[in-house]
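Since every read-out is calculated from the coordinates, none of them should be taken as a lab result. In this text the structure is predicted, and so the values were computed from the model without any measurement. Glycine gets a Cβ as well: all are built from the backbone with ideal geometry, and neighbour counts include every protein chain shown.
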Amino acid sequence: MIESLRLVDFRCFEQVSLSLDQGGQIFVGENAQGKTSLLEAVCLLLRLQSPRARQTRQLIREGAEGFGIAGEAWGRTLQVRGDRKGLALRADGEEVAVRREYLAESGLVVWMGNEDLDLVRGGGESRRRFLDFIATQVDADYRYHWNRYRKALVARNRYLKSYSAREGVVMAYTKMLLEHGSEMIRLRKELCENLAPLAGGNQEVISGASEELGITYVDRSKGDLEAAFTEVEDSETRRGVTLAGPHRDDVKLTIAGRSAKDFGSEGQQRTVALALKLAQGELLRELGSRSPVYLIDDVFGELDPRRRNALMELLPADAQKLITTTNLDWWKKSGLELGVSEVKEGKVG
């Protein structure tokens with residue numbers, strides 16, 4: 001669990017210091033006051049990833065040169081400092097130069113928000129990111145292959161734009177994509193197989209009906225990644241972009257055998273998204289041998305009573321839950337016992 005959180009020049013917060021209860025905390029306030037940024041800071045502290053920002057500079061308070069996040073978590077003192085050059089890490093007062101060493105001991109996270117509907121309605125990128133976020137938290141091999149693949153992909157795309165002069169370099173990067181991409185595909189398939197029964201059980205509880213949820217990894221290389229690269233070689237040369245590999249794969253979600261995206265009602269789609277995120281938490285606990293922190297961003301107030309009650313029932317009682325909301329009406333009726341803090345204009349009271 002996270003015992004404390006301290007922020008300096010992060011997003012709209014000039015300086016904040018919080019103590020957090022073992023069971024969790026509810027942060028209440030109007031929109032655009034900083035509630036989500038508190039959860040984002042926890043995610044960054046534990047996983048070095050923001051669910052909202054692609055660049056470190058987006059996290060720095062306006063007018064500041066950098067930001068700092070620190071906290072006591074699982075008996076350790078963690079610190080992340082960021083500026084326009086990147087992140088600097090410390091654990092128990094010692095500098096940590098290698099990210100994987102920091103991440104191996106930091107903690108696990110489940111992020112839940114209204115944008116989770118994109119898992120069902122959106123394109124493949126949302127579903128790939130969902131799988132990657134689970135896998136990089138619990139599998140050091142996957143994290144290694146994922147990092148190497150991403151770097152090779154960026155470099156290969158750069159050289160593809162001048163293919164005739166850089167053919168040998170492109171081929172070298174192709175070999176890297178084959179090596180690391182094949183492992184990513186294998187591990188993603190395993191992950192989907194593990195997620196399917198967990199999410200399926202959640203789907204039935206939340207929906208209150210026997211709705212069979214299907215989760216199938218869509219490998220666009222059809223099991224032969226090298227042949228897939230050969231097939232698209234001419235097209236890549238013309239377009240200057242990599243057209244084969246796990247960065248183009250997807251996850252097919254079905255309800256009773258039909259596409260959840262194309263045929264599911266809004267209620268069914270919301271249920272699928274909740275079922276997937278709850279399954280993520282179960283799998284993190286199983287594979288990571290510890291309970292994740294649940295970061296729940298303005299979800300409860302948007303759900304109908306049946307889904308809200310089912311979600312509260314399925315959340316592990318012993319897990320720490322940090323929740324944001326614009327009102328407490330739903331909470332007063334829930335029986336949930338958590339401390340409440342008000343967030344207003346970048347201050348927490």
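Points worth noting:
- The residues packed around residue 118, meaning those with a beta-carbon under 14 Å from its beta-carbon, carry a net charge of +2 if Lys and Arg are +1 and Asp and Glu are -1.
- Sparse-neighbour loop sites [chymotrypsin sites (Phe, Trp or Tyr not before Pro); segment 59-158; at most 16 other C-beta within 10 Å; DSSP]: 74
- Ordering 302, 337 from the fewest to the most neighbouring beta carbons within 10 Å gives 337, 302.
- Within segment 280-349: Cβ-based charge dipole about Cα centre, in debye rounded to nearest 20 (Lys, Arg +1; Asp, Glu -1): 80
- Here each label is just a point 7 Å from Cα along the line to Cβ, and for residue 172 and residue 15 those points are 5.0 nm apart.
- Footprinting exposure proxy for 69, 296 (fewest neighbouring C-beta atoms within 10 Å first): 296, 69
- Bridgeable lysines around residue 277 (alpha carbons under 19 Å apart, same-chain partners fewer than 8 residues away excluded): 189, 252, 261, 321.
- Each Cα pair under 8 Å and six or more residues apart adds its separation to the average, and for the chain the resulting relative contact order is 25 percent.
- About its Cα centre, segment 116-288 has a charge dipole of approximately 740 debye under the convention of +1 per Lys or Arg Cβ and -1 per Asp or Glu Cβ, with nothing else charged.
- Projected-area average for segment 3-114 over all orientations - Cα convex hull basis, square nanometres: 7.2
- Here the relative contact order of segment 116-288, from alpha carbon pairs under 8 Å that lie six or more residues apart, stands at 31 percent.
- Think of the chain as having a plus end and a minus end, set by charges on the Cβ of Lys, Arg, Asp and Glu; of 1, 120, 268, 120 sits farthest toward the positive end of this dipole.
- A simple spin-label model places pseudo-atoms 7 Å from Cα toward Cβ; at residue 345 and residue 290 they are separated by 3.9 nm.
- For the chain, built as a Gaussian network whose Cα springs stay under 10 Å, the top-fluctuating residue of 301, 257, 113: 257
- Antiparallel bridges, percent of DSSP beta bridges restricted to the chain (to nearest 5): 70
- Using only side-chain charges placed at the Cβ, +1 for Lys and Arg and -1 for Asp and Glu, the dipole size of the chain relative to its Cα centre rounds to 960 debye.
- The loop-placed trypsin sites (Lys or Arg not before Pro) in segment 1-93, going by DSSP, that have at most 14 neighbouring Cβ atoms within 10 Å of their Cβ come out as 54, 84, 85.
- With 0.36 nm allotted per residue and the present C-alpha distance subtracted, the residue 76-residue 157 stretch has 25.1 nm of extension available.
- The Cβ shell under 12 Å around residue 291 holds other residues with a net charge of 0, Lys and Arg each +1, Asp and Glu each -1.
- Projected onto planes of every orientation and averaged, the convex hull of the alpha-carbon atoms in the chain covers 18.5 nm².
- With a Förster radius of 25 Å applied to the C-beta separation of residue 204 and residue 125, the computed FRET efficiency comes to 0.35.
- Ordering 265-278, 19-32 by mean Cβ neighbour count within 10 Å, with the highest value first, yields 265-278, 19-32.
- With 0.36 nm allotted per residue and the present C-alpha distance subtracted, the residue 313-residue 101 stretch has 72.8 nm of extension available.
- For segment 251-328, chymotrypsin sites (Phe, Trp or Tyr not before Pro) meeting the loop criterion (DSSP other than H, G, I, E, B) and having at most 12 other Cβ atoms within 10 Å: none.
- Rounded tilt (10° steps) of 305-314 against the dominant C-alpha axis of the chain: 80
- For q = 0.14 Å⁻¹, Debye-computed log10 I/I(0) when each Cα of segment 116-288 counts as one equal scatterer: -0.76
- Taking 0.36 nm per residue of separation and subtracting the Cα-Cα distance, full extension of the segment from residue 241 to residue 140 would add 33.5 nm.
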